[in-house]
Amino acid sequence: MGIVKDILYKISSKRFLPVFKDQSIFPYYHIVRNNQVNHIEHLYSFKNKEQFLNDIDILSNNYRPLEPKELLENSIKKNTFLLSFDDGLKEVYTVIYPILKKKNIKAIFFINPNFIDNKEGLYKHYISIIISNLKGKNFEISSLDKISDIFSFSYTTIEDFKQKFTSIKYAEREKVHDVLNFLDINIEDYLNIHKPYITKEQIQEMIKDGFYFGGHTMGHPPLVQLSHEEQKVEIINSIDWLKQNFDINYSLFSFPFSDRSISKKLLEELLEYDNDIKIFGNSGLKKDMDERIIQRFSLENPNKQTEKSIVLENLYKYFNMVIGKYHIKRK
Ligand SMILES: [Zn+2]
């Protein structure tokens, strides 16, 4: 979080929440689980089941759930919330889906087809698995040096090493397998044992229960590191994959990592691909170049109070209006 957001969070009080009720909100998460797991541990922190249930209560007490169907029919009412979950992690099926089903709250799940059924995983998840392995060996310097050599970076502290290793370029992701090899980590075994991602069968079951699915690119690349054509293929193939494999006729998509550097041309082409598409970003409470682009904010951080976070996002909206950054300008 930046300095402004830090200050706004400090002055945010949950007593302000009713003031901002008109604003519909689109909170998103990746995972909800009660203990750590290697493939996420070194990337971000997340809420446990009790904290997530508390979020659902806060949202339900202050907002009405917006059905994904209503969104697709372009009827976004005031004072509503719609949850979405990125990356298709197995916990969306084992933890989140049963909770939402019980509460009768529909949601959208954005998935990467390459990882469905656990034949392969996201390179960033592999990096987190590697860091867990290094941690188990007290971050022995020889391994850190070997890895920093492979990716040609230098580091000062273990924290610095972790930061640089988790930020490697997408084009260098194949070299992650060299690291897995020399550390003797069998990634196929890991995928088979932990099954980090949901399966086609699970998606089918959730769709039958009224839940919605959208693309999140085929393999979760940082799009900014790809050419325009590559970006478009990654995106559209992920939406088409859902239509080919399931009884889905709508188009939903969320940008991996960030929508910040996405070009006007690409968005125009996606809107042209399907006139009724809904595209999700993660720039907070902002207005994008088209009503079909919906901006979300994360409620995943377990160290932040949920009511305060929602108030903060609303205050930040007004701050952005004042400094002329509420309307996203696409180039
Ligand atoms: Zn993602």
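The values are calculated or read from the model by the stated rules, or taken from the named source; none is laboratory data. All figures in this text were calculated on a predicted structure; none of them were measured in a lab. Counting neighbours? That spans all protein chains shown, and the Cβs are built from the backbone with ideal geometry, glycine included. Side chains included, ligands, DNA and RNA excluded: accessible areas come from the protein's heavy atoms. Shrake-Rupley method; radii C 1.70, N 1.55, O 1.52, S 1.80 Å.
For this structure, a couple of remarks:
- Here the dipole of the chain is about 1420 debye; that uses its Cα centre as origin and unit charges on the Cβ of Lys and Arg (positive) and Asp and Glu (negative).
- Centre-to-centre, using Cα atoms only, the range 75-154 and the range 241-314 are separated by 18 Å.
- Each label point was placed 7 Å from the Cα along the Cα-to-Cβ direction; for I323 and E272 their separation is 3.4 nm.
- Percent accessible area from carbon and sulfur atoms, the chain, protein chains only, probe 1.4 Å: 48
- For G214, the residues whose modelled amide H falls within less than 5 Å of its own, excluding neighbours fewer than 5 places apart on the same chain, are F109, F110, I111.
- Area projected by the alpha carbon convex hull of the range 147-232, averaged over all directions, nm²: 8.3
- Under-5 Å amide H pairs with F280, H placed in peptide plane, nonlocal only: F253, S254, F255, I294
- Dividing the Cα radius of gyration of the chain by its Kirkwood radius returns 0.96 for Rg/Rh.
- Surface accessible to a 1.4 Å probe, per residue, for the residues of the chain, Å²: 47
- Mean separation of Cα contacts under 8 Å, 6 or more apart, over the residue count of the range 199-287: relative contact order %: 29
- Alpha carbon centroid spacing (whole Å) that separates the range 156-207 from the range 26-44: 14
- Database remark: amide H of R64 closer than 5 angstrom to the amide H of T80, F81 (H placed geometrically; neighbours at sequence offset of 5 or more, or on other chains; Pro and chain starts carry no H).
- Helical contribution to [θ] at 222 nm, DSSP H n ≥ 4, -39,500 (n - 2.57), averaged over the chain, rounded to 500: -12500 deg cm²/dmol
- Most to least accessible of V37, V4, V322, V224 (protein chains only, probe 1.4 Å): V322, V224, V4, V37
- Using only alpha-carbon positions in the range 124-192, the gyration tensor eigenvalues give semi-axes of 18, 14, 10 Å once each is multiplied by 5 and square-rooted (largest first).
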